[in-house]
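The values are calculated or read from the model by the stated rules, or taken from the named source; none is laboratory data. Computed from a predicted model, the values in this text were never measured in an experiment. As a convention, Cβ positions derive from the backbone with ideal geometry for all residues, glycine included, and neighbour counts pool all protein chains shown.
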Amino acid sequence: MFQNQPVSFSGVQPSGNLTIGNYLGAIRNFSHFSENYKCFYCVVDEHAITVRQVPAELRRRTYETLALYMACGLDPEKNTLYVQSQVPAHAELGWILNCFTMFGELSRMTQFKDKSAKHADNINAGLFTYPVLMAADILLYQTDVVPVGIDQKQHVEICRDIATRFNQLYPDTFTIPEPVIPKSGMKIMSLAEPTKKMSKSDENTNAVVYILDDRDTIIRKFKRAVTDSGTEVRYAEGKDGINNLMTIYASFTGKTFEEIEREFEGKGYGDFKLAVGEVCADALAPVQDTFKRYISDKAMLEAQMKKGAQEASYYANRTLSKVQKKLGFVQVRG
Ligand code: TYM
């Protein structure tokens with residue numbers, strides 16, 4: 001579709017303040033593809049409403065997520081940055097793909113099981129078909145790679161299954177995408193319960209480090225992080241708290257676990273926690289400075305959204321029209 005350039009696609013929900021999990025697991029890696037891939041990065045507001053949102057907060061976070069994409073180094077001249085609800089083809093292809101997705105396969109999705117346990121009073125159909133809309137996002141752009149954290153792997157796999165099934169019935173429709181999961185930072189855990197994923201919707205804000213937390217807050221949260229009763233900084237089975245802090249330190253510094261163990265030999269957990277807080281705060285400071293500039297310029301962000309939605313719609317509509325034709329929908333021109 002893009003003169004033989006491969007395509008990268010990913011999305012982030014504006015459903016809470018973004019965390020260092022979102023940064024290390026996903027957003028930081030989006031820019032690796034900017035030079036050699038045609039890149040589409042989307043703010044997936046339609047996915048966010050599968051859980052109740054306060055409208056004013058959803059609106060604010062949609063602007064913030066776009067500003068954060070840019071502050072994390074995604075140049076809108078090199079990447080198509082846009083908001084999902086501004087490109088209607090996503091919802092349209094989502095409906096079509098619903099008719100090629102089985103009830104049984106959606107019932108097996110672990111995120112659906114987790115979220116329906118958490119929101120037992122609102123197990124809506126959108127929550128159930130969430131992975132189908134995600135498949136539509138990806139397949140509309142004939143995507144080759146999907147940079148995500150490991151928690152989204154199962155969703156990319158069902159997307160591949162849906163695309164393969166569709167291609168068997170209607171050959172040569174979709175490119176089959178591959179998930180690209182970072183080696184380090186694929187799953188950052190909660191600082192309070194290190195067996196649980198760090199999540200932007202966690203009610204305990206001390207368990208989560210947000211990309212926009214100030215330096216003192218970041219250092220305080222790491223100081224309080226739950227660890228075991230040992231003292232040695234060593235990666236080992238069952239030491240979930242320390243393992244998580246080592247993963248975070250490794251992700252920010254590029255050091256291996258062996259290097260980290262050597263660096264902190266003879267020092268206690270206290271020194272290590274402070275060091276993790278410092279590298280995290282240092283790495284986020286330039287992102288935060290740039291973010292502040294962008295978020296104060298709403299007109300610029302709206303112009304970017306408009307430009308992004310126009311670019312994305314052009315490519316999305318090409319795939320949608322191809323799919324509609326294959327299915328037998330009547331297309332009248334002019
Ligand atoms: P969301 O908004 O939950 O998360 C955005 C990205 O951040 C990654 N992530 C993490 N990585 C490591 N450690 C963590 N603790 C952590 N928490 C989140 C996620 O893996 C994700 O890559 N369904 C997606 C949004 C989506 C999407 C798409 C992604 C909609 N359509 C199409 C890719 C392609 C989601 O809920 O992301």
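Checking each residue in the stretch 187-205 for being farther than 25 Å from ALA67 by Cβ and not acidic (Asp, Glu) picks out LYS187, MET189, SER190, LEU191, ALA192, PRO194, THR195, LYS196, ASN204. Of the residues making up the stretch 44-54, none is in contact with a Lys or Arg (Cβ under 9 Å, 6 or more places away or on another chain), among the small types (Gly, Ala, Ser) and near the ligand (Cβ under 7 Å from one of its atoms).
Results for (1) surrounded by fewer than 18 Cβ atoms within 10 Å (Cβ to Cβ); (2) more than 8 Å from the ligand (Cβ to nearest atom); (3) closer than 28 Å to LEU320 by Cα, shown as yes or no for each residue.
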residue: ASP144; (1), (2), (3): no, yes, yes
residue: GLY149; (1), (2), (3): no, no, yes
residue: ASP172; (1), (2), (3): yes, yes, yes
residue: PRO194; (1), (2), (3): no, yes, no
residue: LYS200; (1), (2), (3): no, no, no
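Determine whether the stretch 18-27 contains at least one residue that is more than 10 Å from the ligand (Cβ to nearest atom) and crowded, with 21+ Cβ neighbours inside 10 Å. Looking through the stretch 18-27, none of the residues is more than 10 Å from the ligand (Cβ to nearest atom) and crowded, with 21+ Cβ neighbours inside 10 Å. Looking only at the stretch 74-83, residues that are within 16 Å of the ligand (Cβ to nearest atom) and outside any strand (DSSP E or B) come to 1 in all.
In the stretch 229-242, the condition of being within 30 Å of ALA71 (Cβ to Cβ), within 16 Å of the ligand (Cβ to nearest atom), of a type outside the set (Ser, Thr, Tyr) and outside the structural domain of ARG61 (by TED's automatic domain parsing) is met by at least one residue. Restricting the stretch 28-43 to residues that are under 19 Å from GLY308 (Cβ atoms) and within 10 Å of the ligand (Cβ to nearest atom), the residue that is surrounded by the most Cβ atoms within 10 Å (Cβ to Cβ) is CYS42. Being more than 13 Å from the ligand (Cβ to nearest atom), crowded, with 21+ Cβ neighbours inside 10 Å, not in a loop (DSSP other than H, G, I, E, B) and not assigned by TED's automatic domain parsing to the domain that holds TYR23 is true of PHE222. If you check VAL209 against the conditions, is it surrounded by 19 or more Cβ atoms within 10 Å (Cβ to Cβ), touching a residue at least 24 places away in the same chain (Cβ under 8 Å) and farther than 30 Å from VAL7 by Cα? Yes.
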